[in-house]
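A.B. asks: Let me begin by handing over the structure; questions about it come next.
The values are calculated or read from the model by the stated rules, or taken from the named source; none is laboratory data. Note that this is a predicted model, so its numbers are computed, not measured. All Cβ positions, glycine included, derive from the backbone under ideal geometry; neighbour counts span all protein chains shown. Note: areas computed on protein heavy atoms with side chains; ligands, DNA, RNA excluded. Shrake-Rupley method; radii C 1.70, N 1.55, O 1.52, S 1.80 Å.
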Amino acid sequence: SERNGPWIDKYIFPGGYAPQLSEICRDLRAAKLTVAHCENFKPHYAETFRRWGKNFTANREAIAALSSNYDERFQRMWYLYLQSFEASFRDGSMHIYQVLFYGDKQWRLNVPLPGFLSESVGAGR
């Protein structure tokens with residue numbers, strides 16, 4: 001139910017909305033879909049934004065040469081977006097999820113558990 005903030009809403013994602021996981025699950029349930037797996041990519045996205053920021057900084061001149069739209073003002077705003085989202089994923093409340101869901105047929109989990117879980121299960125722990 002939270003927005004990204006007025007600056008992000010105006011300049012980066014106008015009209016955008018990032019739903020909470022609870023909203024996604026509520027809507028999946030209403031559509032009679034079942035969640036089979038959900039993974040939070042929060043730490044991965046923090047690193048992704050860090051690398052995007054580094055690559056963006058290293059290529060500022062080439063980016064500016066692409067279009068007059070990519071002027072100094074645009075580049076400062078875009079860098080602020082990259083830095084603020086890295087911080088929000090790394091230390092803040094921003095999350096991003098990958099949700100696997102299925103419909104009317106029963107889905108069987110035939111995927112091995114991650115190494116540390118399968119070793120624990122196999123060892124009888």
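A.B. asks: Any residue in the range 70-94 that is more than 12 Å from Pro43 (Cα to Cα) sitting within a Cβ distance under 8 Å of a residue that is in a helix (DSSP H, G or I) and of a type in the set (Lys, Arg)? List the pairs, counting only those 6 or more apart or interchain.
C.D. replies: Hits for this filter: Gln75/Arg60.
A.B. asks: While we're on this one: It is to be established whether one or more residues within the range 65-75 are among the hydrophobic types (A, V, I, L, M, F, W, C) and open to solvent by 60 Å² or more (accessible area, probe 1.4 Å).
C.D. replies: The answer is yes, given that some residue of the range 65-75 is among the hydrophobic types (A, V, I, L, M, F, W, C) and open to solvent by 60 Å² or more (accessible area, probe 1.4 Å).
A.B. asks: Additional query: Restricting to the range 17-44, and then to whatever is open to solvent by less than 70 Å² (accessible area, probe 1.4 Å) and part of a helix (DSSP H, G or I), can you tell me which residue is farthest from Phe89 (Cα to Cα)?
C.D. replies: Here the answer is Leu28.
Matching residues to (1) modelled with pLDDT of 95 or more; (2) under 19 Å from the mean Cα position of the chain (by Cα):
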{"residue": "Arg29", "(1), (2)": "no, no"}
{"residue": "His37", "(1), (2)": "no, yes"}
{"residue": "Asn55", "(1), (2)": "yes, yes"}
{"residue": "Ala64", "(1), (2)": "yes, no"}
{"residue": "Gln83", "(1), (2)": "yes, yes"}
{"residue": "Ser88", "(1), (2)": "no, yes"}
{"residue": "Phe101", "(1), (2)": "no, yes"}
{"residue": "Asp104", "(1), (2)": "no, no"}
{"residue": "Leu109", "(1), (2)": "no, no"}
